[in-house]
Structures are given as C-alpha cells and as structure tokens.
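Colleague: Have a look at the structure that comes next, please.
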Amino acid sequence: MAKPARCAVTLVGMARPTSATIHTDALRHNLGAIRARAPESRVMAVVKADGYGHGLERVARALQGADAFGVAALSDAERIRAAGLSQPIVLLSGFDEVDDLPQLRRLNVETVVHHAAQLAMLEQSAGEPIRCWLKVDTGMHRLGFAPDAVRDAHARLSALAGVADEIVLMSHFASSDEFELPQTREQLQVFAHATSELPGLRSLANSAAVLGWPGAHGDWVRPGGALYGISVVAGQTGADFGLRPAMTLATRLLAVNRIGRGERIGYSATWETPEDMPVGVAAIGYGDGYPRHVPAGTPVLVNGHMAPVIGRVSMDLMTIDLRSQPDARPGDPVTLWGEGLPVEVIADAAATIGYEPVCSITRRVRFVED
Ligand SMILES: Cc1ncc(COP(=O)(O)O)c(C=O)c1O
C-alpha cells in the first residue's frame, strides 16, 4: 500500500512566516490606564471593525472588565454573544431597519438613535424595552439629531413602552485629538445647551478626549484606539500616554542579497544602491495589509534594530537596506510594528493614522495571542 503523503511537513514549509501577535495583557493594561484617567466614568470598549483588526472575540474576552462593548454592526453583537459574553453591547451606528429591532431584543443589545427614521421604526415596534442612546450632532455633522431637535426626539422616545426609561445622551467629537483647537470646547457647549434639563447619563469622550479633555469624560467614556495602545494625537504615540501596543506585526527575512553599486531595487526601479550593499527581502507586503505607499526610509526592526525600507513595497515582499546589519541572515526576524516600533510611525509615513494599518491586516496573516 502507498504511504500517505507527508502533508503536514509540506504545509508547515508552505506557510508564510508572517504573524500578528495580539498582546491581551496590553489590552488589559490599556483599559486600566483609561480607567485611571477617567475614574468617575464607566468605560465602553469600542470593538468595531473586528476589534480594530485585533480579532473581535479575542479582544472582547480580554476586555471583559469593560462596562460595555461598542460595535458598528449587529453581526458583531451576535459574535460577542456567541463567545458567551453577557456584557452590555451598544450598536454605535444604530439600527437600519425595523426588522433589526427583534434582533436587538433577542441579543439584549442597546442602540444609538440618531435619526427621525429610527424614531418612526421604534414607534411601530412593540416588545421588551430597548435601551437607547440619543445622539446629538454637536458639530461633527455625521450622525445625530440637530441640537434644536433633541428635546422633541427625547420626548418621543420617552413616550414609548418599547424603549427603556433611562435614555443616555451622547455626542461624538470631530477634533478631540487637537488639544489646541476650540472645536471640542464648542461641541461641549452645544451639547450642554441642547441637553440641559434632560434626564439621563452623558457620553461624549473617544480616546483622544479621554487623554486630553478631562472635562469631557462624563458618565461614559467610549475609547477605541487607546485600548489598542494607539494614539491619534499628532506627534505622540500611545507610549507617550502610558499605553502599550496590543499588536506586533512580524515576519522573517527570506533572502539577503549582495547588490552592486548603481543597481535599482524593486518595481519601477525607484531606489538606486549608492554602493555595493546587502539588501534584505522580507516576507511581507500589501497583500498582508502593510501599506504599499510608505516611502523609502520607513523603519522596520531587523533582529530588533532599526533598518530602512527601500524601493516599492510589493504584494508579498519588501526590500530592506541592511548596511547597518551586515550579519543579518535569511530567517532573521523582522518587526513591522509593535513594541519598539510604534504603528503610529508607520502610519505617519503612509500619511494615515495608526488605526488604519491595524484594521488592514489581511486573512493570510496568522494571528497568535500572547
Ligand atoms: C461613536 C463612537 N464612539 C467612540 C469611538 C471610538 O473612537 P476612538 O477609537 O478614537 O477612541 C468611535 C470610533 O470612531 C465612535 O464612532
């Protein structure tokens, strides 16, 4: 009889050495750091977009100490409940259609109400009371009732048997990461005026407001990025606020090649070798979610030491100037971001914020937890 093929050995050899390690202790540390900054507030852990790319169930399990979870889709709430977690969940973008309401009730999910169309749907639907978060548009001009429509919306909600008695009043900041700008203060004033004398808890603060606007903490803070150790404050990383990165993206060198002077590296020949030099090729590219458009000079860590990316990032590979590490060998570890190399640095090079790279990791990257 023929021997079975040695599949396992072949498969291990075929796997790319690219991984995203999620540090659940860092998630818990960051939750603690947020609580320390906002000691009077309850904390809603925002876990939308698959836990900012870190894995929804993994993040929700690690952050069971939060007072609630904030999600953007009912399917996320479904996943959190399927993971056996019973914490309150708030649907941050609110429900879209009347058929969502029985789902909210079945999953025991609270919802943001930001539009008159949702009031009309709630008025049509009877059942167990749903807890609602009434959203005021204080200047972001994305979701929310105009300030002069808030009292009427509150009255309509309060009159419904299908809505729980305690309505939370909320808004969202547009520029809370810019501590010098007046917009956050103006939004706070609009909110105070629109909601004065209305009963209920208040919630405004996203991560940047937790970090920089203590007067905006209110009864519930709603951090997302800070939980993952990421700052959106220009020029400052999560570490500057006592946060720890919750993700390390890493791979290995597949090759180290000696390339002569005056040769051009990679697609479109954008980078020319100034001298005979070692060039590392690492198993990561935009097909893994690493931003394609980072310029030459963007740092990676090879064996824990900084080395610059050169040439174009391609789908599966990137090239690295190894002149500072003449001893680097194929198989050596390469860190793209994480401890020692903040994702904010890479985001800055890619002209975006740290949230985008962590949300962009693709499915072929192996996720591991430590
Ligand atoms: C309504 C709402 N609250 C809180 C957050 C969390 O924001 P951040 O990740 O900046 O803390 C978001 C995310 O955009 C949001 O949409």
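Colleague: About the Cα centre, and with charges only on the beta carbon of Lys, Arg (+1) and Asp, Glu (-1), how big is the dipole of the chain? Nearest 20 debye, please.
Modeller: Working: 34 positive and 41 negative charges, 254 e Å.
Using only the charged Cβ atoms, the result is roughly 1220 debye.
Colleague: What is the P(r) of segment 24-237, as percent of Cα-Cα pairs per 5 Å bin from 0?
Modeller: 1, 7, 16, 19, 20, 17, 12, 6, 1, 0, 0
Colleague: Rg to Rh ratio, segment 247-369, alpha-carbon atoms and Kirkwood radius?
Modeller: Details: Rg = 13.6 Å, Rh = 14.3 Å.
Using only Cα positions, Rg/Rh for segment 247-369 is 0.94.
Colleague: Oh, and also: Where both partners of a DSSP beta bridge lie in the chain, what percent of those bridges are antiparallel, to the nearest 5?
Modeller: Details: 29 of 55 bridges.
Roughly 55 percent of the DSSP beta bridges within the chain come out antiparallel.
Colleague: Mind jotting down the distance between the C-alpha centroids of segment 22-72 and segment 210-257, whole Å?
Modeller: Segment 210-257 and segment 22-72 have Cα centres spaced 12 Å from each other.
Colleague: Please report, in debye to the nearest 20, how large the charge dipole of segment 224-277 is about its Cα centre when each Lys and Arg carries +1 at its beta carbon and each Asp and Glu carries -1 there.
Modeller: Details: 5 positive and 5 negative charges, 41 e Å.
Charge dipole, segment 224-277, about its Cα centre: 200 debye, nearest 20.
Colleague: Here's something else I'd like to know. Rounded to the nearest 500, what is the 222 nm mean residue ellipticity of the chain from helices alone, with -39500 (n - 2.57) per DSSP H run of 4+ residues and division by all residues?
Modeller: Details: 12 runs with 100 residues, N = 370.
It comes out at -7500 deg cm²/dmol, rounded to the nearest 500.
Colleague: More than 18 angstrom separation, counting every C-alpha pair in segment 313-359; what % is that? Please report the intermediate quantities before stating the final value.
Modeller: Details: 472 of 1081 pairs.
Tail of P(r) above 18 Å: 44 percent of Cα pairs.
Colleague: Now a separate question. With contacts defined as alpha carbon pairs under 8 Å and 6 or more residues apart, what's the relative contact order of segment 24-237 in percent?
Modeller: Details: 419 pairs, mean separation 43.5, N = 214.
The value is 20 percent.
Colleague: For the chain, which longest stretch is free of loop sites, where a loop site is one of the GluC sites (Glu not before Pro) that DSSP puts outside H, G, I, E and B and that has at most 10 other Cβ atoms within 10 Å? Could the numbers behind the result be given before it?
Modeller: Numbers: sites that count: 40, 97, 180, 197, 275.
No qualifying site falls inside 276-370, the longest such stretch.
Colleague: By how many nm would the segment from residue 261 to residue 180 grow when fully extended, if each residue of separation counts as 0.36 nm and the alpha-carbon distance is taken off? Walk me through the numbers before you get to the answer.
Modeller: Details: separation 81, 0.36 × 81 = 29.16 nm, distance 4.83 nm.
So the chain would gain 24.3 nm between residue 261 and residue 180.
Colleague: Next question. Stick to the Cα atoms of the chain, pair each with every other, and give me the Kirkwood hydrodynamic radius in Å at one decimal. Could the numbers behind the result be given before it?
Modeller: Working: mean 1/r = 0.0441 Å⁻¹.
Computed over the chain, the radius equals 22.7 Å.
Colleague: Taking the Cα centroid of segment 74-141 and of segment 294-363, what is the distance between the two, rounded to the nearest whole Å?
Modeller: For segment 74-141 versus segment 294-363, the Cα centre distance is 40 Å.
Colleague: Under the rule of at least 5 residues apart or a separate chain, name every residue whose amide H is placed under 5 Å from the amide H of residue 253.
Modeller: Long-range HN contacts for residue 253: 331, 332, 334.
Colleague: Right, next: Which value does Rg/Rh take for segment 27-86 over its C-alpha atoms, Rh per Kirkwood? Write out the running numbers ahead of the final one.
Modeller: Values: Rg = 11.2 Å, Rh = 11.6 Å.
Checking Rg against Rh, the ratio lands at 0.97.
Laboratory data are not the source of any read-out in this text; all were calculated from the coordinates shown. Note that this is a predicted model, so its numbers are computed, not measured. Please note: Cβ atoms are built from the backbone with ideal geometry, for glycine as well, and neighbour counts cover all protein chains shown.
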